[in-house]
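Okay, so here's the structure we're looking at.
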Amino acid sequence: MGNTSNVNKNLYLNILGSFSIKGLALLINFFTVPLYMSYFEDANILGVWYTILSFLSWVLMFDLGIGNGLRNHLVKPLLENDKNTIKKLLSSAYIILGFISILLAICGLILILNSNWNKIFNVSSLVISNNSLQLAFFISYIGIVIQFFLKTILSVLNAMEKTAISNGITLISSIINLIYLFFFRAGDDTTRLFNLSIVYAFSVNLPLIITTIVLFLSKFRESIPSFKYFDRLLAKKVLNLGMNFFIIQVLFMLITASNEFFISNIFGAEKVVEFQIYNKVFYTFVTLFSLVSNPIWSAVARANNEKNIKLVSSLFKKLLIAVFVGIFGVCIISLSFQPLVNIWLGATAIDVNNYYIFTFFIYVCTLLFVFSLNSIANGLQVLRPQMVCYSLSVAIKIFILFIVDFQWDTWIVVIWINILTLIPYVLWQLYEFKYLLFYRRKTTI
């Protein structure tokens with residue numbers, strides 16, 4: 001009973017801290033959208049930048065799931081204060097990720113220098129040259145590869161159930177970007193894209209470097225990664241679980257983080273900016289909900305190691321309550337979307353489409369259920385429903401958008417495909433976890 005109370009207390013503190021930090025980060029991100037729109041004179045260049053960011057987010061997925069595998073496997077040695085195992089796990093993870101980072105840098109450089117980015121981004125060379133796109137992409141890419149290696153420290157923090165600190169790192173990056181967009185606007189759009197790529201690479205890595213140094217000079221002073229402590233068996237354990245997470249992550253990214261790519265290629269880069277206006281507002285609820293679901297993943301992993309199914313059941317029920325609270329919030333925003341956009345974007349505000357609002361309402365509600373179910377499934381390592389359903393969802397999305405010869409009238413079809421292909425997963429996972437909903441009743445009979 002005392003242990004469960006401690007877990008709940010730590011969970012609530014993490015959620016409260018995450019909400020405080022992430023709330024400020026979201027506020028900053030809202031301010032950056034109008035700043036982005038005024039930063040670039042041509043909306044096509046802004047669409048290109050959003051698409052670059054979408055591409056770069058994929059790179060962070062190619063850790064073969066090592067980050068999430070490390071997160072789950074670190075829980076037990078941290079609970080037992082097993083410093084030897086901790087050092088072996090950290091050494092193995094960092095060495096493998098270091099090798100992958102070098103490989104990604106080499107392959108990325110070859111790909112960037114031998115691709116026609118005007119064609120990929122669907123933007124004319126009269127707007128921006130291919131060489132300029134290559135340079136901006138290359139700088140941003142190198143920054144993201146460095147982040148790919150350094151973000152391992154976030155898995156350590158999550159295993160320690162310190163998710164609030166992880167969110168604080170994102171906040172610092174957002175503040176750096178905001179300061180740059182507000183004060184520095186020299187040159188034409190090409191120069192600004194080049195400068196922005198440098199600032200982006202700097203902002204995402206500086207907080208990670210500082211956090212890594214601080215953590216390894218304090219709590220993990222005796223666990224600094226070393227080639228001597230590379231453990232093949234532990235590395236294999238992390239990789240086996242990690243590969244499942246990796247496949248699921250890639251599939252989920254193909255569903256939800258490919259929207260900019262599909263919209264840019266089918267409807268034009270300028271439509272990505274319109275999509276971002278709706279997405280920034282509505283996806284805020286998904287981001288906020290992740291502040292609840294992410295700490296619960298760590299708490300479920302800990303409860304699973306301690307064989308405390310009663311705590312898992314309790315956490316699942318609380319998550320479902322949080323989902324319905326989130327749905328109520330999405331409903332309120334949907335009803336006041338136009339006034340909100342007018343205040344937010346000022347002179348650059350758009351006339352909102354009510355059909356788009358309805359679509360995003362359904363989309364976000366679906367994602368809230370997805371995130372809640374994922375946090376329980378990931379902590380328990382029950383991954384088959386995600387694997388099967390996400391695979392089918394990706395196949396259907398690619399088939400409908402790229403293979404079937406339809407002339408789509410509007411980009412909102414991309415969001416509807418996401419919705420209709422994610423709903424089967426929600427239903428399956430809810431059925432799988434029905435025993436958690438009735439666990440208390442069964443134990444009292």
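The values are calculated or read from the model by the stated rules, or taken from the named source; none is laboratory data. What you see is a predicted model, and the numbers here were worked out from it, not measured in a lab. Methodologically, a virtual Cβ is constructed for each residue, glycine included, from the backbone with ideal geometry; neighbour enumeration extends over all protein chains shown.
Would you check if there is a residue in region 24-38 being surrounded by fewer than 22 Cβ atoms within 10 Å (Cβ to Cβ) and over 19 Å from Q276 (Cα atoms)? Yes, that holds for at least one residue.
Taking helices (runs of 4 or more DSSP H) that fall entirely within region 343-445, which contain at least 1 residues that are touching a strand residue (DSSP E or B) at 6+ places or on another chain (Cβ under 9 Å) and buried (at least 16 other Cβ atoms within 10 Å of the Cβ)? I'd like the intermediate steps shown before the answer.
Details: elements: 354-380, 384-398, 412-432, 434-437, 439-444.
Hits in region 343-445: none.
Kindly check whether there is at least one residue in region 73-84 that is in contact with a Ser or Thr (Cβ under 6 Å, 6 or more places away or on another chain), surrounded by 16 or more Cβ atoms within 10 Å (Cβ to Cβ), modelled with pLDDT of 80 or more and not acidic (D, E). Yes; the residues of region 73-84 include at least one that is in contact with a Ser or Thr (Cβ under 6 Å, 6 or more places away or on another chain), surrounded by 16 or more Cβ atoms within 10 Å (Cβ to Cβ), modelled with pLDDT of 80 or more and not acidic (D, E).
I'd like to know if region 107-123 contains one or more residues that are under 26 Å from the mean Cα position of the chain (by Cα), in a helix (DSSP H, G or I), among the small types (G, A, S) and within 25 Å of L251 (Cβ to Cβ). Let's see the steps before the verdict.
Keep residues of region 107-123 that are under 26 Å from the mean Cα position of the chain (by Cα), which gives 107-109, 111-112, 117, 120-122.
Checking which are in a helix (DSSP H, G or I) leaves us with 107-109, 111-112, 117, 120-121.
Going one step further and asking which of them are among the small types (G, A, S), we end up with 108.
Next, only the ones that are within 25 Å of L251 (Cβ to Cβ) stay: 108.
Within region 107-123 (the criterion being under 26 Å from the mean Cα position of the chain (by Cα), in a helix (DSSP H, G or I), among the small types (G, A, S) and within 25 Å of L251 (Cβ to Cβ)), the answer is yes, since at least one residue qualifies.
Scanning region 324-340 for residues being touching a helix residue (DSSP H, G or I) at 6+ places or on another chain (Cβ under 7 Å) and either in contact (Cβ under 8 Å) with a residue 60 or more places away in the chain or of a type outside the set (A, V, I, L, M, F, W, C) (or both) gives a total of 3. In region 39-70, of all residues being of a type in the set (S, T, Y) and closer than 19 Å to F149 by Cα, the one that is surrounded by the fewest Cβ atoms within 10 Å (Cβ to Cβ) corresponds to S57.
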